[in-house]
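**Student:** My structure is below; once you've seen it, I'll send some questions.
The values are calculated or read from the model by the stated rules, or taken from the named source; none is laboratory data. If you're wondering where the values come from, they're calculated on a predicted model, not measured in any experiment. All Cβ positions, glycine included, derive from the backbone under ideal geometry; neighbour counts span all protein chains shown. Note: areas computed on protein heavy atoms with side chains; ligands, DNA, RNA excluded. Shrake-Rupley method; radii C 1.70, N 1.55, O 1.52, S 1.80 Å.
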Amino acid sequence: GDPANTFGIEESLKELAQLADTAGLTIVGSTYQKLSTPNARSYIGSGKVSEIKSAIHALDVETVIFDDELSAGQLRNLEKAFGEKVRVCDRTALILDIFNQRAATHEASLQVALAQMEYQLPRLTKMWSHLERQAGGQVKGMGEKQIEVDKRILRTQIGVLKKELESVRKHRKQYRTRRTAVPVPVVSLVGYTNAGKSTLLNQLTGAGVLAEDKLFATLDPTTRRVQMKNGNEFLLTDTVGFIQKLPTTLVAAFRATLEEISESSLMVHVVDISHPLAEQQIDAVDKVLSELDVSSIPKLMVWNKVDKAADPLKTKLEAAKRQDVVCISALTGDGLQDFCDAVQDKLKDSMVWVEALIP
Ligand code: GDP
(Lines give C-alpha, C1' and ligand atoms only; values in the text may rest on other atoms or scores of the structure.)
Protein backbone atom coordinates (compact mmCIF):
# COMPACT_ATOMS: atom_id res chain seq x y z
CA GLY A 1 0.00 0.00 0.00
CA ASP A 2 0.91 3.68 -0.28
CA PRO A 3 1.66 5.19 3.16
CA ALA A 4 1.12 8.74 1.83
CA ASN A 5 -2.47 7.92 1.02
CA THR A 6 -4.89 9.66 3.43
CA PHE A 7 -7.12 6.62 3.25
CA GLY A 8 -4.77 4.39 5.26
CA ILE A 9 -3.94 0.71 5.04
CA GLU A 10 -6.07 -0.27 8.03
CA GLU A 11 -9.12 1.61 6.74
CA SER A 12 -8.64 0.11 3.32
CA LEU A 13 -8.44 -3.40 4.78
CA LYS A 14 -11.53 -2.72 6.87
CA GLU A 15 -13.39 -1.69 3.76
CA LEU A 16 -12.11 -4.80 1.98
CA ALA A 17 -13.51 -6.92 4.83
CA GLN A 18 -16.88 -5.19 4.47
CA LEU A 19 -16.84 -5.90 0.75
CA ALA A 20 -16.00 -9.57 1.37
CA ASP A 21 -18.86 -9.72 3.84
CA THR A 22 -21.19 -8.21 1.24
CA ALA A 23 -20.05 -10.89 -1.20
CA GLY A 24 -21.09 -13.54 1.32
CA LEU A 25 -17.64 -14.51 2.64
CA THR A 26 -16.68 -14.93 6.29
CA ILE A 27 -13.49 -13.14 7.30
CA VAL A 28 -11.15 -15.14 9.54
CA GLY A 29 -8.23 -12.73 9.61
CA SER A 30 -6.24 -10.02 7.90
CA THR A 31 -2.61 -9.00 7.69
CA TYR A 32 -0.37 -6.55 5.89
CA GLN A 33 3.26 -5.83 5.21
CA LYS A 34 5.14 -2.60 4.53
CA LEU A 35 7.44 -2.81 1.51
CA SER A 36 9.03 0.03 -0.45
CA THR A 37 7.76 -1.63 -3.64
CA PRO A 38 5.51 -4.65 -4.09
CA ASN A 39 7.31 -7.91 -4.80
CA ALA A 40 7.21 -8.43 -8.58
CA ARG A 41 6.74 -12.20 -8.30
CA SER A 42 4.30 -12.51 -5.44
CA TYR A 43 3.24 -8.96 -4.43
CA ILE A 44 4.21 -9.74 -0.81
CA GLY A 45 7.59 -11.03 0.37
CA SER A 46 8.36 -14.75 0.61
CA GLY A 47 8.28 -14.67 4.42
CA LYS A 48 4.77 -13.25 4.32
CA VAL A 49 3.76 -15.89 1.79
CA SER A 50 4.86 -18.63 4.23
CA GLU A 51 3.06 -16.91 7.10
CA ILE A 52 -0.19 -16.79 5.15
CA LYS A 53 0.30 -20.39 4.04
CA SER A 54 0.45 -21.51 7.68
CA ALA A 55 -2.67 -19.51 8.46
CA ILE A 56 -4.47 -21.13 5.51
CA HIS A 57 -3.84 -24.58 6.99
CA ALA A 58 -4.54 -23.58 10.60
CA LEU A 59 -7.83 -21.81 9.82
CA ASP A 60 -8.99 -23.86 6.83
CA VAL A 61 -9.06 -20.80 4.59
CA GLU A 62 -10.73 -21.06 1.17
CA THR A 63 -10.06 -17.61 -0.25
CA VAL A 64 -7.22 -15.11 0.07
CA ILE A 65 -8.05 -11.58 -1.07
CA PHE A 66 -5.40 -8.95 -1.83
CA ASP A 67 -6.29 -5.30 -1.42
CA ASP A 68 -4.50 -4.18 -4.60
CA GLU A 69 -4.73 -5.33 -8.16
CA LEU A 70 -2.46 -8.32 -8.81
CA SER A 71 -0.72 -9.01 -12.11
CA ALA A 72 -1.30 -12.28 -13.94
CA GLY A 73 2.12 -13.52 -12.80
CA GLN A 74 1.59 -12.59 -9.15
CA LEU A 75 -1.81 -14.25 -9.17
CA ARG A 76 -0.37 -17.44 -10.62
CA ASN A 77 2.62 -17.54 -8.27
CA LEU A 78 0.46 -16.99 -5.22
CA GLU A 79 -1.94 -19.71 -6.30
CA LYS A 80 1.00 -22.04 -6.75
CA ALA A 81 2.31 -21.16 -3.29
CA PHE A 82 -1.00 -21.47 -1.45
CA GLY A 83 -2.13 -24.71 -3.11
CA GLU A 84 -4.87 -25.68 -5.53
CA LYS A 85 -7.81 -25.56 -3.15
CA VAL A 86 -7.28 -21.91 -2.27
CA ARG A 87 -8.79 -19.20 -4.42
CA VAL A 88 -6.62 -16.10 -4.74
CA CYS A 89 -8.28 -12.90 -5.85
CA ASP A 90 -7.80 -9.15 -5.63
CA ARG A 91 -9.94 -6.15 -4.71
CA THR A 92 -11.01 -5.62 -8.31
CA ALA A 93 -12.20 -9.21 -8.78
CA LEU A 94 -14.10 -9.08 -5.48
CA ILE A 95 -15.87 -5.86 -6.43
CA LEU A 96 -16.70 -7.31 -9.84
CA ASP A 97 -18.30 -10.29 -8.07
CA ILE A 98 -20.47 -7.97 -6.01
CA PHE A 99 -21.47 -5.89 -9.02
CA ASN A 100 -22.34 -9.09 -10.84
CA GLN A 101 -24.61 -10.21 -7.98
CA ARG A 102 -26.23 -6.79 -7.82
CA ALA A 103 -26.65 -5.82 -11.46
CA ALA A 104 -30.41 -5.43 -11.71
CA THR A 105 -30.84 -3.95 -15.17
CA HIS A 106 -29.82 -5.30 -18.57
CA GLU A 107 -27.51 -2.36 -19.07
CA ALA A 108 -25.81 -2.93 -15.73
CA SER A 109 -25.31 -6.64 -16.49
CA LEU A 110 -23.69 -5.78 -19.82
CA GLN A 111 -21.47 -3.14 -18.28
CA VAL A 112 -20.32 -5.52 -15.53
CA ALA A 113 -19.72 -8.35 -18.03
CA LEU A 114 -17.61 -5.95 -20.06
CA ALA A 115 -15.54 -4.96 -17.04
CA GLN A 116 -15.08 -8.64 -16.16
CA MET A 117 -13.79 -9.48 -19.63
CA GLU A 118 -11.45 -6.51 -19.67
CA TYR A 119 -10.14 -7.68 -16.31
CA GLN A 120 -9.64 -11.23 -17.61
CA LEU A 121 -7.90 -10.29 -20.85
CA PRO A 122 -4.38 -9.62 -19.49
CA ARG A 123 -4.77 -12.51 -17.02
CA LEU A 124 -5.51 -15.24 -19.53
CA THR A 125 -2.56 -17.46 -18.70
CA LYS A 126 -3.52 -19.59 -15.77
CA MET A 127 -5.43 -22.42 -17.36
CA TRP A 128 -2.79 -23.10 -20.01
CA SER A 129 0.23 -22.92 -17.76
CA HIS A 130 -1.56 -25.56 -15.72
CA LEU A 131 -1.84 -27.75 -18.83
CA GLU A 132 1.81 -27.21 -19.59
CA ARG A 133 2.77 -28.42 -16.16
CA GLN A 134 0.69 -31.57 -16.60
CA ALA A 135 2.37 -32.35 -19.88
CA GLY A 136 5.81 -31.81 -18.42
CA GLY A 137 6.41 -28.64 -20.37
CA GLN A 138 6.22 -30.35 -23.76
CA VAL A 139 3.22 -28.43 -25.02
CA LYS A 140 4.59 -25.04 -24.12
CA GLY A 141 4.32 -23.71 -27.65
CA MET A 142 0.79 -25.00 -27.97
CA GLY A 143 -0.22 -23.33 -24.73
CA GLU A 144 1.03 -19.99 -25.91
CA LYS A 145 -0.83 -20.33 -29.17
CA GLN A 146 -4.01 -21.21 -27.29
CA ILE A 147 -3.69 -18.09 -25.14
CA GLU A 148 -3.51 -15.99 -28.28
CA VAL A 149 -6.63 -17.68 -29.66
CA ASP A 150 -8.45 -17.15 -26.37
CA LYS A 151 -7.43 -13.52 -26.25
CA ARG A 152 -8.73 -13.00 -29.77
CA ILE A 153 -12.06 -14.60 -28.86
CA LEU A 154 -12.31 -12.44 -25.74
CA ARG A 155 -11.51 -9.28 -27.73
CA THR A 156 -14.27 -10.13 -30.20
CA GLN A 157 -16.72 -10.67 -27.33
CA ILE A 158 -15.72 -7.33 -25.82
CA GLY A 159 -16.45 -5.67 -29.15
CA VAL A 160 -19.88 -7.31 -29.36
CA LEU A 161 -20.71 -6.26 -25.79
CA LYS A 162 -19.73 -2.67 -26.46
CA LYS A 163 -22.05 -2.53 -29.48
CA GLU A 164 -24.91 -4.03 -27.50
CA LEU A 165 -24.37 -1.55 -24.67
CA GLU A 166 -24.60 1.30 -27.13
CA SER A 167 -27.89 0.02 -28.46
CA VAL A 168 -29.31 -0.56 -24.96
CA ARG A 169 -28.39 2.98 -23.97
CA LYS A 170 -30.15 4.35 -27.03
CA HIS A 171 -33.35 2.54 -26.10
CA ARG A 172 -33.07 3.10 -22.38
CA LYS A 173 -35.88 5.63 -22.20
CA GLN A 174 -38.30 3.20 -23.83
CA TYR A 175 -37.54 0.40 -21.36
CA ARG A 176 -37.91 2.72 -18.45
CA THR A 177 -41.38 3.92 -19.29
CA ARG A 178 -42.57 0.35 -19.61
CA ARG A 179 -41.01 -0.64 -16.28
CA THR A 180 -42.66 2.20 -14.43
CA ALA A 181 -46.06 0.65 -15.04
CA VAL A 182 -45.83 -1.08 -11.64
CA PRO A 183 -48.50 0.27 -9.30
CA VAL A 184 -46.25 0.05 -6.23
CA PRO A 185 -43.74 2.84 -5.63
CA VAL A 186 -40.09 1.82 -5.47
CA VAL A 187 -37.79 3.46 -2.94
CA SER A 188 -34.03 3.02 -3.51
CA LEU A 189 -31.45 3.14 -0.77
CA VAL A 190 -28.14 4.69 -1.74
CA GLY A 191 -25.03 5.43 0.29
CA TYR A 192 -21.65 4.17 1.36
CA THR A 193 -21.08 0.56 2.13
CA ASN A 194 -21.49 0.08 5.89
CA ALA A 195 -23.83 3.09 6.22
CA GLY A 196 -26.52 0.68 7.45
CA LYS A 197 -28.63 0.23 4.31
CA SER A 198 -29.28 -3.48 4.71
CA THR A 199 -29.88 -3.10 8.46
CA LEU A 200 -32.56 -0.53 7.64
CA LEU A 201 -34.00 -2.79 4.95
CA ASN A 202 -34.25 -5.68 7.38
CA GLN A 203 -35.62 -3.58 10.25
CA LEU A 204 -38.45 -2.25 8.12
CA THR A 205 -39.55 -5.55 6.67
CA GLY A 206 -40.46 -8.91 8.06
CA ALA A 207 -38.29 -11.28 6.07
CA GLY A 208 -40.83 -14.06 6.61
CA VAL A 209 -43.54 -12.23 4.67
CA LEU A 210 -41.63 -12.61 1.44
CA ALA A 211 -41.78 -16.38 1.00
CA GLU A 212 -45.56 -16.74 0.53
CA ASP A 213 -45.89 -13.61 -1.49
CA LYS A 214 -46.06 -14.88 -5.07
CA LEU A 215 -46.11 -11.48 -6.69
CA PHE A 216 -42.94 -10.40 -4.98
CA ALA A 217 -41.20 -13.75 -4.71
CA THR A 218 -39.32 -13.07 -7.93
CA LEU A 219 -37.81 -9.85 -6.63
CA ASP A 220 -34.09 -9.93 -6.18
CA PRO A 221 -32.90 -10.48 -2.59
CA THR A 222 -32.05 -6.83 -2.10
CA THR A 223 -35.65 -5.69 -2.57
CA ARG A 224 -38.30 -5.95 0.16
CA ARG A 225 -41.89 -4.92 0.52
CA VAL A 226 -42.72 -2.48 3.29
CA GLN A 227 -46.28 -2.19 4.52
CA MET A 228 -47.09 0.93 6.47
CA LYS A 229 -49.62 1.23 9.29
CA ASN A 230 -52.16 2.93 7.02
CA GLY A 231 -52.03 -0.02 4.61
CA ASN A 232 -49.99 1.75 1.95
CA GLU A 233 -46.97 -0.10 0.73
CA PHE A 234 -43.78 0.45 -1.17
CA LEU A 235 -40.85 -1.61 -2.39
CA LEU A 236 -37.56 -0.85 -0.73
CA THR A 237 -34.48 -1.76 -2.71
CA ASP A 238 -30.82 -1.67 -1.73
CA THR A 239 -28.28 -0.51 -4.30
CA VAL A 240 -24.62 -1.41 -4.46
CA GLY A 241 -22.74 0.66 -1.88
CA PHE A 242 -20.16 3.37 -2.50
CA ILE A 243 -16.59 2.63 -1.46
CA GLN A 244 -13.54 4.78 -0.82
CA LYS A 245 -11.15 2.81 -3.01
CA LEU A 246 -12.92 2.04 -6.26
CA PRO A 247 -10.52 0.88 -9.00
CA THR A 248 -10.81 3.32 -11.91
CA THR A 249 -11.45 0.43 -14.31
CA LEU A 250 -14.71 -0.23 -12.46
CA VAL A 251 -16.20 3.26 -12.43
CA ALA A 252 -18.40 2.68 -15.49
CA ALA A 253 -19.70 -0.63 -14.12
CA PHE A 254 -20.43 0.97 -10.75
CA ARG A 255 -22.40 3.80 -12.31
CA ALA A 256 -24.35 1.35 -14.44
CA THR A 257 -25.41 -0.64 -11.37
CA LEU A 258 -26.69 2.63 -9.91
CA GLU A 259 -28.73 3.45 -13.01
CA GLU A 260 -31.63 1.40 -11.65
CA ILE A 261 -32.26 4.30 -9.28
CA SER A 262 -33.69 6.18 -12.24
CA GLU A 263 -36.61 3.73 -12.17
CA SER A 264 -37.57 4.50 -8.57
CA SER A 265 -40.07 6.98 -7.14
CA LEU A 266 -37.80 8.13 -4.35
CA MET A 267 -34.15 7.79 -3.41
CA VAL A 268 -33.11 7.59 0.20
CA HIS A 269 -29.52 8.58 0.87
CA VAL A 270 -28.35 6.70 3.98
CA VAL A 271 -25.44 8.30 5.83
CA ASP A 272 -23.42 6.94 8.74
CA ILE A 273 -23.56 10.20 10.68
CA SER A 274 -21.20 8.79 13.34
CA HIS A 275 -18.44 8.41 10.73
CA PRO A 276 -15.62 10.99 10.96
CA LEU A 277 -15.75 11.46 7.18
CA ALA A 278 -19.57 11.65 6.96
CA GLU A 279 -19.53 15.05 5.29
CA GLN A 280 -17.05 14.02 2.57
CA GLN A 281 -19.02 10.83 1.97
CA ILE A 282 -22.23 12.82 1.49
CA ASP A 283 -20.50 15.05 -1.06
CA ALA A 284 -19.04 12.08 -2.92
CA VAL A 285 -22.45 10.38 -3.19
CA ASP A 286 -24.15 13.62 -4.28
CA LYS A 287 -21.50 14.16 -6.93
CA VAL A 288 -22.03 10.73 -8.50
CA LEU A 289 -25.82 11.07 -8.29
CA SER A 290 -25.66 14.43 -10.02
CA GLU A 291 -23.85 12.75 -12.91
CA LEU A 292 -26.54 10.08 -13.28
CA ASP A 293 -29.86 10.60 -14.98
CA VAL A 294 -31.77 10.89 -11.69
CA SER A 295 -32.21 14.60 -11.08
CA SER A 296 -36.03 14.38 -11.40
CA ILE A 297 -36.33 11.83 -8.59
CA PRO A 298 -37.20 13.16 -5.10
CA LYS A 299 -34.58 12.67 -2.43
CA LEU A 300 -34.63 12.06 1.30
CA MET A 301 -31.54 11.96 3.49
CA VAL A 302 -31.26 9.63 6.46
CA TRP A 303 -28.70 10.24 9.17
CA ASN A 304 -28.22 6.74 10.50
CA LYS A 305 -26.34 5.42 13.57
CA VAL A 306 -27.39 8.41 15.65
CA ASP A 307 -26.98 6.11 18.69
CA LYS A 308 -23.25 6.03 17.92
CA ALA A 309 -22.88 9.78 17.30
CA ALA A 310 -20.67 11.77 19.68
CA ASP A 311 -23.68 13.79 20.83
CA PRO A 312 -26.91 12.08 19.74
CA LEU A 313 -29.21 14.85 20.98
CA LYS A 314 -27.27 17.57 19.21
CA THR A 315 -27.27 15.51 16.01
CA LYS A 316 -31.03 15.06 16.23
CA LEU A 317 -31.57 18.80 16.73
CA GLU A 318 -29.31 19.53 13.78
CA ALA A 319 -31.30 17.13 11.58
CA ALA A 320 -34.60 18.66 12.71
CA LYS A 321 -33.43 22.05 11.46
CA ARG A 322 -32.89 20.72 7.95
CA GLN A 323 -35.37 19.94 5.29
CA ASP A 324 -35.50 16.39 3.95
CA VAL A 325 -33.29 14.94 6.70
CA VAL A 326 -34.47 12.24 9.11
CA CYS A 327 -32.36 11.05 12.02
CA ILE A 328 -32.56 7.34 12.87
CA SER A 329 -30.85 4.34 14.34
CA ALA A 330 -31.52 1.35 12.14
CA LEU A 331 -29.99 -0.79 14.87
CA THR A 332 -32.14 0.31 17.84
CA GLY A 333 -35.20 1.24 15.79
CA ASP A 334 -35.07 4.84 16.96
CA GLY A 335 -36.78 7.20 14.49
CA LEU A 336 -38.10 4.48 12.15
CA GLN A 337 -41.66 5.78 12.37
CA ASP A 338 -40.42 9.26 11.46
CA PHE A 339 -38.64 7.71 8.53
CA CYS A 340 -41.81 5.96 7.29
CA ASP A 341 -43.79 9.18 7.67
CA ALA A 342 -41.19 11.10 5.70
CA VAL A 343 -41.18 8.47 2.94
CA GLN A 344 -44.98 8.56 2.82
CA ASP A 345 -44.88 12.34 2.57
CA LYS A 346 -42.36 12.30 -0.25
CA LEU A 347 -44.22 9.56 -2.12
CA LYS A 348 -47.42 11.59 -2.11
CA ASP A 349 -45.71 13.99 -4.47
CA SER A 350 -43.88 11.42 -6.55
CA MET A 351 -46.92 9.13 -7.05
CA VAL A 352 -48.35 11.80 -9.30
CA TRP A 353 -45.19 11.55 -11.32
CA VAL A 354 -45.37 7.74 -11.51
CA GLU A 355 -49.04 7.71 -12.57
CA ALA A 356 -48.33 10.25 -15.24
CA LEU A 357 -45.99 7.78 -16.92
CA ILE A 358 -48.38 4.82 -16.87
CA PRO A 359 -50.07 4.62 -20.26
P1 GDP B 1 -24.66 -1.49 4.41
O2 GDP B 1 -23.32 -1.89 3.87
O3 GDP B 1 -24.96 -0.06 4.13
O4 GDP B 1 -25.77 -2.39 4.01
O5 GDP B 1 -24.49 -1.56 6.02
P6 GDP B 1 -25.02 -2.68 7.05
O7 GDP B 1 -26.50 -2.61 7.19
O8 GDP B 1 -24.44 -4.00 6.67
O9 GDP B 1 -24.39 -2.16 8.41
C10 GDP B 1 -23.01 -2.07 8.60
C11 GDP B 1 -22.68 -2.17 10.08
O12 GDP B 1 -23.22 -1.05 10.79
C13 GDP B 1 -23.26 -3.40 10.73
O14 GDP B 1 -22.32 -3.89 11.65
C15 GDP B 1 -24.49 -2.88 11.45
O16 GDP B 1 -24.83 -3.63 12.58
C17 GDP B 1 -24.06 -1.49 11.84
N18 GDP B 1 -25.20 -0.57 11.96
C19 GDP B 1 -26.20 -0.36 11.06
N20 GDP B 1 -27.07 0.56 11.52
C21 GDP B 1 -26.61 0.96 12.73
C22 GDP B 1 -27.08 1.90 13.72
O23 GDP B 1 -28.11 2.57 13.57
N24 GDP B 1 -26.32 2.04 14.84
C25 GDP B 1 -25.17 1.33 15.05
N26 GDP B 1 -24.49 1.54 16.19
N27 GDP B 1 -24.71 0.43 14.15
C28 GDP B 1 -25.42 0.24 13.01
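**Student:** Do the conditions hold for residue 282, that is, is it within 15 Å of the chain's Cα centre (by Cα), in a helix (DSSP H, G or I) and assigned by TED's automatic domain parsing to the domain that holds residue 338?
**Tutor:** no
**Student:** Given 75, 70, which one is open to solvent by less than 50 Å² (accessible area, probe 1.4 Å), part of a helix (DSSP H, G or I) and modelled with pLDDT under 95?
**Tutor:** 75
**Student:** Mind listing whichever residues of segment 283-339 are within 13 Å of the ligand (Cβ to nearest atom), within 21 Å of residue 190 (Cβ to Cβ) and open to solvent by 90 Å² or more (accessible area, probe 1.4 Å)?
**Tutor:** The answer is 308, 331.
**Student:** Here's another thing I want to ask about it. Looking for whichever is in a loop (DSSP other than H, G, I, E, B), modelled with pLDDT under 75 and either among the aromatic types (Phe, Trp, Tyr) or not assigned by TED's automatic domain parsing to the domain that holds residue 332 (or both) here; the options are 136, 141. Which one fits?
**Tutor:** Step by step, each of 136, 141 is checked, and only 136 is in a loop (DSSP other than H, G, I, E, B), modelled with pLDDT under 75 and either among the aromatic types (Phe, Trp, Tyr) or not assigned by TED's automatic domain parsing to the domain that holds residue 332 (or both).
**Student:** Considering only segment 242-279, state which residues are acidic (Asp, Glu) and assigned to a helix (DSSP H, G or I).
**Tutor:** Across segment 242-279, the qualifying residues are 259, 260, 263, 279.
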